[in-house]
1. If you average the sequence gap of Cα pairs under 8 Å that are 6 or more apart and divide by the length of segment 157-240, what percent do you get for the contact order?
2. So what's the projected area for segment 19-87, the Cα convex hull averaged over all directions, in nm²?
3. Considering only Cα-Cα distances, which of the following residue pairs are longer than 30 Å: Lys150/Lys280; Lys44/Lys225; Lys113/Lys214; Lys83/Lys188?
4. Do you know the relative contact order of segment 251-317, to the nearest whole percent, from alpha carbon pairs under 8 angstrom that are 6+ apart?
5. Here are several values of Cα extents along the principal axes in Å: [x] 67, 40, 32; [y] 65, 39, 37; [z] 51, 46, 44. Which one was derived from the coordinates shown?
6. Which parts of segment 218-233 would a label at Asp211 reach, counting a residue when its backbone N lies under 19 Å from a point 7 Å out along Cα-to-Cβ?
7. Based on DSSP, what percent of beta bridges with both residues in the chain are antiparallel, to the nearest 5?
8. Using θ = phi - 60° and the Karplus curve 6.51 cos²θ - 1.76 cosθ + 1.60, what whole-Hz ³J(HN,Hα) does each residue of segment 191-196 get, with Gly and Pro shown as x?
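FYI, it's all coordinate maths here, none of it is from the lab. Note that the coordinates shown come from a computational prediction; the quantities given were computed from them, not determined experimentally. Don't worry about glycine lacking a Cβ; one is built from the backbone with ideal geometry, like all the others, and counts go over all protein chains shown.
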Amino acid sequence: MTPVKIALIGECMVELQESEPGMTKQTFGGDTLNTAIYCARLAKDLPVQVDYVTALGMDPFSERMIDFWEKEGVGSTLVQRQKGELPGLYYIELDAHGERIFHYWRGEAAAKKCFEYAHSEEVLRHLSEYDVIYLSGISLAILTPRSREKLLSRLYELHEQGISIYFDYNYRPHLWSSVDLAREAYAKVYPISRIVFLTIEEADILLQESDAAKIHQILQVAGSKESVIKNGGGMCSIFADGRLQEIPAQPVKEVVDTTAAGDSFSAVYLVARRFKCSPKDAAMMAHRTAAYVIVHKGAIAPIEEMPITGLDIKSCS
């Protein structure tokens with residue numbers, strides 16, 4: 001069977017995490033990269049190819065970063081390496097109550113100019129070889145205006161070719177100079193989106209609406225075919241195939257770390273829907289995955305006990 005080819009666009013960063021006062025652990029992270037890794041884990045039992053689209057430097061951190069995700073089955077053929085450039089970095093600090101505080105250094109990150117380098121046009125052309133393109137609001141926010149416009153223009157061409165675009169809001173106010181600029185950029189993605197993922201809080205800011213049914217309606221009128229409102233441990237609301245449904249989350253006794261809960265949910269949902277699972281089945285499997293992720297520390301939970309595999313998706317499709 002010909003594999004479903006998925007390209008995910010974004011930024012992977014060097015992560016420094018304060019494991020305890022005075023002790024720091026170094027790893028890597030990024031919202032769309034997290035999604036790519038959870039998609040790739042499903043590919044062990046499904047005909048799926050997952051590749052990541054970004055720009056990095058020629059430095060040791062960039063090298064180790066690529067090695068990190070390639071070991072998870074995420075391809076790097078669409079990664080541009082730029083001499084003299086560096087990846088972004090963020091530091092996770094723990095407060096007295098164990099809550100996380102994020103500090104970012106991404107001003108000079110290579111990913112900002114991802115679609116302005118010598119081989120950028122070649123990367124954009126290669127996207128026509130994929131069945132699915134996935135990006136987030138962070139993917140848009142970190143790009144320079146020129147790179148953002150080049151990407152959006154290409155996404156419209158790919159949409160016309162029948163390639164499915166999946167968009168996760170992941171709205172981060174500090175990455176945008178204004179709410180209006182974010183609204184304008186997001187609005188350009190709705191008409192070409194097969195699925196839009198978001199939260200009520202994000203919709204309240206960017207769509208100025210907090211009623212789930214009305215949010216779905218706004219997105220449908222704007223052109224999105226399907227929308228999924230994620231709600232942490234509560235019901236997720238889905239509009240798909242002309243129906244509005246609410247699917248309860250998987251109960252969790254103790255939350256350890258919510259990092260990548262939404263990213264893992266999106267990964268399982270989009271792959272399950274791509275393989276013809278119903279919205280309900282896709283959401284239930286996505287909830288189970290997110291519930292597993294949040295009882296482990298860090299964005300990437302251990303692979304050994306993942307509750308959902310490609311075999312589960314095969315059985316429902």
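1. 27
2. Values: hull surface 22.7 nm².
With the hull built on Cα positions only, its mean projection is 5.7 nm².
3. Details: Lys150/Lys280 36 Å; Lys44/Lys225 28 Å; Lys113/Lys214 36 Å; Lys83/Lys188 32 Å.
Pairs exceeding the cut-off: Lys150/Lys280; Lys113/Lys214; Lys83/Lys188.
4. On the way: 84 pairs, mean separation 28.6, N = 67.
After rounding, I find 43 percent.
5. [z]
6. 218-222, 227-230
7. Working: 21 of 54 bridges.
DSSP beta bridges in the chain are roughly 40 percent antiparallel.
8. x, 10, 8, 6, 9, 10
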